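Beneath this line is the structure, given in structure tokens, with notes to follow.
The values are calculated or read from the model by the stated rules, or taken from the named source; none is laboratory data. The structure presented is a predicted model; accordingly, all values stated were derived computationally and were not measured. All Cβ positions, even for glycine, are placed from backbone atoms using ideal geometry, and neighbour counts span all protein chains on display. When the accessible area is computed, the model is the full protein with side chains, heavy atoms only, and any ligands, DNA or RNA have been set aside. Shrake-Rupley method; radii C 1.70, N 1.55, O 1.52, S 1.80 Å.
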Amino acid sequence: MKKIVFILFAIFTFATSSAQMKNPVKWTTKTEKISDTEFNLIMNATIEKGWHMYSQFTPENGPLAIVLTFKDQKGYQLIGKAKESPYKKHFNADFGVDEYYFEDKATLTQKVKITNPKIGKIVVNVDFQACLTQCVNDNKDLTFEIAVLENATTAANPTDTVTTAVTTADTAKTETKAVTSTEVKTAPVKKEEKKGLLMIFAFAFLGGLAALLTPCVFPMIPMTVSFFTKQSKTPAQGKRNAIIYGLSIIGIYVILGLVINAIFGADALNALSTNVWFNVLFFILLIVFAVSFLGAFEIMLPNSWANKVDRQADRGGIIGIFFMALALAIVSFSCTGPIVGTLLVESASKGGITPIIGMLGFSSAIALPFMLFALFPAWMNSLPKSGGWLNTVKVSLGFLELAFAFKFLSNADLVLQLHWFERETFLAIWIAVFGTWGIYLIGKITLPHDSPITHISVGRLMLALLVFSFTFYMIPGLWGAPLKLISAFQPPMTYSESPNGVGGSAKSVGKDEQLPEGAEIGPHNLIVFTDYDKGLAYAKTVNKPALLDFTGHACVNCRKMENNVWSDKRVLNILKNDVVVISLFADDKRPLPKDQQFVSKSTGSEIETIGDKWTDFMITKYKTNTQPLYVLVDLEGNNLNTETPTTSYDPDVALYENWLKKGLANFKK
């Protein structure tokens, strides 16, 4: 009876342990024939509900992107880069970069040209990361069957498709299915994407309101409204013409957005945010816009354009009104051009239809006053008079353009990992820009087009106080303060001269103390080991238990645990003084030495990288493949927490502290 109970218990334990293994992404493949020698290799991923997988275009220093490795490329050539189905974009404050990710499903399509008709098949390794509350780093070998006829000519029907669907589970089965390229459907727009478009619209609308308050546009409001109300035969006709005028303004700018979208295309625009040279070009462009706003020169369209449009405006009717709106766009370009350019640059980096949405928001803000004041002429009496304050608005926009430009220079530096433009440098420039803006607002600096002032208005003083407050807020960031208000703009904390804050390393190990062999400075100035054997050996010398921290460089929730749980004084005190921290990175792609590579007994996979080694260790010993995972072990590597051997992502500081204390108590027995 005891043996039966023991066997049942063992089976139950094994089943429970196995249930911890996560496989949230299932892959299938399809081979689509384009011609006798060209094929599309289509990789379809089905993602479990709640999980998300990161795109191959995810920026550097963010979560782990998809990496496609095409094996044994002797009988075929890749045509371009693999295309993806639409992904979502979200700023990740823990990494300080945007993350691109898929939910529910994803499709990658790689076009290839066959150079050897006897090739038979193509094998592609897909290396990816999927996350929920934990992250799984995984890779699969996907096999594509290729049927090429020797000395073949162009097929009569080039759309005929030969496909195979292969599931990459251990018990993979192969089946044949005919599909066409129309089966690769675009994912529907989700709520998050709609929110993103709404934010673009709101941002552009604010830009339009700012453009209204410039010397090129604001004085045009009473002049234009008066023209429609006085020159029209009836008040109703005047209101109708003003509405047509406003709608024409919207139409002109939306057409501009359509042209930009048509020239570049959604896919090309989407890739701009991580393209080094486009980021550098945008930086230069915004610097030119900023210098123009500050008064060095004016960006103007040719006068001949304005003259031709004016002549068309004299024709009258709806066409004449449209050309009046076009004349406004051309004449006011020296003020609106830099704002429109900035909006197009920002929306272009988002991709899709955002340039159109951006221009719709901007033009709506420009057109709205012309229509409203024509409908309600009495409101004109409430408009402030034109004056020097208009140039102050224009110069203020110049300072904002100048600060915003350095975001793109920072993006280029981050992608190239040059470390020329680290966090401290970025903040120093922003402090200088906003500080100078504040000094300008209180009248201590005058620029070429400013009118002489004997006093400053209350509104200008309040804006100066706001700008100075923001400037002072940024100063502690030079010494490591997080500055969450501008986390979307500044480089991440890890991309700085002092990743742990000024004096961080000294605080951790002391002036004369050296790091133990194999150790390095980790989060919150902790001494951490990145090798299990070296860390456990050190734990024996100091007679402390070891905390195994299965983590990842691109693990979002690992960073959240470090930022929100490890940073707590109670937990941090234990990590610094009572345990030896061993951080094992499951996504470390550095290759193992050849003599240390092996085939896993647990999964049968080839263990070729450092990350593979620690993932296999985690699977073999703890029956899971997710990070973060924390295990408290004694000097022989045995679990100290008997009731809860491991713990993972849980932002509850008290639970994590109690788990550590229970393990420490067992170690001291």
Any idea how many residues of the range 566-611 are of a type in the set (A, V, I, L, M, F, W, C), under 20 Å from CYS135 (Cβ atoms) and either open to solvent by 60 Å² or more (accessible area, probe 1.4 Å) or within 29 Å of the chain's Cα centre (by Cα) (or both)? 5
Could you look through the range 264-277, keep only residues that are surrounded by fewer than 16 Cβ atoms within 10 Å (Cβ to Cβ) and modelled with pLDDT of 60 or more, and pick out the one that is farthest from TYR100 (Cα to Cα)? TRP277
Could you check how many residues of the range 106-132 are surrounded by 15 or more Cβ atoms within 10 Å (Cβ to Cβ) and either touching a helix residue (DSSP H, G or I) at 6+ places or on another chain (Cβ under 6 Å) or at pLDDT 85 or above (or both)? 16
Under 8 Å between Cβ atoms, at least 6 apart or on separate chains: pull out the pairs that start in the range 647-662 with a residue that is in contact (Cβ under 8 Å) with a residue 40 or more places away in the chain and end on any residue that is polar (S, T, N, Q) and open to solvent by 80 Å² or more (accessible area, probe 1.4 Å). PRO651/ASN564; VAL653/ASN564
Being farther than 25 Å from ASP612 by Cα, modelled with pLDDT under 90 and assigned to a helix (DSSP H, G or I), is that true of even one residue in the range 530-547? no
Do we find a residue being under 31 Å from the mean Cα position of the chain (by Cα), free of Cβ contacts under 8 Å to residues at least 60 places away in the same chain and within 28 Å of LEU132 (Cα to Cα) anywhere in the range 537-557? no
Output for the range 612-648, where each listed residue is over 29 Å from the mean Cα position of the chain (by Cα) and of a type in the set (D, E, K, R): LYS613, ASP616, LYS621, LYS623, ASP634, GLU636, GLU643
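Yes/no matrix, rows are residues, columns are (1) over 17 Å from VAL225 (Cα atoms); (2) surrounded by fewer than 21 Cβ atoms within 10 Å (Cβ to Cβ); (3) modelled with pLDDT of 80 or more; (4) not basic (Lys, Arg):
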position	(1), (2), (3), (4)
PHE289	yes, no, yes, yes
ALA296	yes, yes, yes, yes
ASN307	yes, yes, no, yes
MET324	no, no, no, yes
THR336	yes, no, no, yes
THR342	yes, no, no, yes
GLY351	yes, no, no, yes
PHE376	no, yes, no, yes
SER382	no, yes, no, yes
Taking the range 353-371 as the search range and keeping residues that are in a helix (DSSP H, G or I) and open to solvent by 60 Å² or more (accessible area, probe 1.4 Å), which one is nearest to LEU213 (Cα to Cα)? LEU368
Give me a count of the residues in the range 615-646 that are over 24 Å from PHE598 (Cα atoms), touching a residue at least 40 places away in the same chain (Cβ under 8 Å) and either acidic (Asp, Glu) or open to solvent by less than 10 Å² (accessible area, probe 1.4 Å) (or both). 6
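Here's the yes/no breakdown for (1) at pLDDT 65 or above; (2) loosely packed, with under 14 Cβ neighbours inside 10 Å; (3) within 30 Å of SER410 (Cβ to Cβ):
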| site | (1), (2), (3) |
| --- | --- |
| GLY238 | yes, no, no |
| SER248 | yes, no, no |
| ILE252 | yes, no, no |
| ILE255 | yes, yes, no |
| ASN279 | yes, no, yes |
For the list (1) part of a loop (DSSP other than H, G, I, E, B); (2) over 27 Å from VAL340 (Cα atoms), I need the number of the one condition that LYS385 fails. (2)
Strands (runs of 3 or more DSSP E) wholly inside the range 33-103 that include at least 1 residues being out of contact with any Phe, Trp or Tyr (no Cβ under 7 Å at 6 or more places or on another chain): 38-47, 67-70, 76-84, 88-92, 97-103
Residue that is nearest to PHE404 (Cα to Cα) [pool: residues in the range 420-459 that are in a helix (DSSP H, G or I) and open to solvent by 40 Å² or more (accessible area, probe 1.4 Å)]: ILE429
Only one of LYS662, LYS669 is at pLDDT below 90 and more than 24 Å from CYS135 (Cα to Cα), namely LYS669
